[in-house]
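Engineer: Have a look at this one.
The values are calculated or read from the model by the stated rules, or taken from the named source; none is laboratory data. Predicted model only: the values in this text are computed from it and were never measured. Virtual Cβ from ideal backbone geometry, glycine too; neighbours counted across all protein chains shown. Keep in mind that these areas ignore ligands, DNA and RNA; they rest on the heavy atoms of the full protein, side chains included. Shrake-Rupley method; radii C 1.70, N 1.55, O 1.52, S 1.80 Å.
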Amino acid sequence: MTRRTVARSAIAIACVALLSACIVNLSFEMKKTFAVQSDPTAPTSVAQNQLVDLSQYPEIAAHKSQIKSLDLDYAVATITAIGAHNTATKVSGSLKLRLALADKAHDIKVGDLTNVNVAPGSSVRLNGTPELDAFLFQQLQAEGKFYAVIEGSVDGQADLTLDVDMHSSIGYETGSGL
C-alpha cells in the first residue's frame, strides 16, 4: 500500500467517524383542528382547546432518546369551513400553549389573530420564538403533553372550523461519535 492510499483511507475513516455524531434537523407538522363555536350565553366570545401529545408524532417517537432540540418554526391558522349557524365576519384572539387547562397564568403565546376575515382560506402565519422552543423541549423531556388554546372574540355568532398547522423541527443525534 502506498502512502497516498493510506492517507486517503485515514481521511475516509475520519469523515465517517465525524458523520456518526451528526445532529440532523427534521421538519414535521403538528396539525390540530378546532371547531370554533360561540356559547349562546356569550355569543361574541370563543374559547377552544386541543390536547397535543408529542408521542403521537412519528418523527418524535422514532428519535425521542436522541432529540437535542424541538422548535416551533411557525404556525399557520386557517379557516377551513363555515357552519350553517355562523354570523361572524371577523375573528380576533390568540393562540397559546398551556401546560394545564386550569393554569392560564403560565400560557406561552404563539401569536395573535387580529380581525381575520371569516371566510374559507383566510389564514394567519404566527412565527415561533425561543420561548416557545424552550416550552416544547421542556414538555418533551417531561410528560410530553400540553394544550393548544384559542381564545378571543368575534363580531357575531361563530360556527367555523379553524385548522392550526404547527410547523416544527427536531434536532437529533444520529450516533455516538468517537
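Engineer: Can you confirm whether GLU143 is part of a helix (DSSP H, G or I) and acidic (Asp, Glu)?
Structural biologist: Considered against the rule, which asks whether it is part of a helix (DSSP H, G or I) and acidic (Asp, Glu), GLU143 comes out as no.
Engineer: Within the range 161-174, how many residues are more than 17 Å from PHE28 (Cα to Cα) and either assigned to a loop (DSSP other than H, G, I, E, B) or open to solvent by less than 30 Å² (accessible area, probe 1.4 Å) (or both)?
Structural biologist: 2
Engineer: Please find, within the range 6-56, the residue that is modelled with the lowest pLDDT out of those that are among the β-branched types (Val, Ile, Thr) and open to solvent by less than 60 Å² (accessible area, probe 1.4 Å).
Structural biologist: My answer is VAL24.
Engineer: Further question on the same structure: Identify the residue in the range 87-122 that is open to solvent by less than 30 Å² (accessible area, probe 1.4 Å) and assigned to a loop (DSSP other than H, G, I, E, B) and, among all such residues, is nearest to ASP155 (Cα to Cα).
Structural biologist: For the range 87-122, the residue satisfying everything is ALA88.
Engineer: In addition: Against the conditions (1) open to solvent by less than 40 Å² (accessible area, probe 1.4 Å); (2) over 17 Å from VAL46 (Cα atoms), where does ASN127 fall short? Just the number, please.
Structural biologist: (1)
Engineer: Now for a separate question. Could you go through the range 134-151 and let me know if any residue there is open to solvent by less than 40 Å² (accessible area, probe 1.4 Å) and β-branched (Val, Ile, Thr).
Structural biologist: Scanning the range 134-151 turns up at least one residue that is open to solvent by less than 40 Å² (accessible area, probe 1.4 Å) and β-branched (Val, Ile, Thr).
Engineer: Let me ask something else. Just need a number here: residues in the range 69-86 that are under 21 Å from ALA158 (Cβ atoms) and within 20 Å of the chain's Cα centre (by Cα).
Structural biologist: 6
Engineer: Read through the list (1) surrounded by 13 or more Cβ atoms within 10 Å (Cβ to Cβ); (2) out of contact with any Asp or Glu (no Cβ under 9 Å at 6 or more places or on another chain); (3) not β-branched (Val, Ile, Thr), then give the number of the only condition that HIS63 fails.
Structural biologist: Only one criterion in (1) surrounded by 13 or more Cβ atoms within 10 Å (Cβ to Cβ); (2) out of contact with any Asp or Glu (no Cβ under 9 Å at 6 or more places or on another chain); (3) not β-branched (Val, Ile, Thr) is unmet by HIS63, namely (2).
Engineer: I've got another one for you. Does ALA158 count as over 17 Å from LEU72 (Cα atoms) and open to solvent by 30 Å² or more (accessible area, probe 1.4 Å)?
Structural biologist: Spelling it out, it is not the case that ALA158 is over 17 Å from LEU72 (Cα atoms) and open to solvent by 30 Å² or more (accessible area, probe 1.4 Å).
Engineer: Failed condition for ALA158, given (1) in contact with a Leu (Cβ under 9 Å, 6 or more places away or on another chain); (2) closer than 15 Å to PHE34 by Cα, with all others met?
Structural biologist: Checking ALA158 against (1) in contact with a Leu (Cβ under 9 Å, 6 or more places away or on another chain); (2) closer than 15 Å to PHE34 by Cα, the one that fails is (1).
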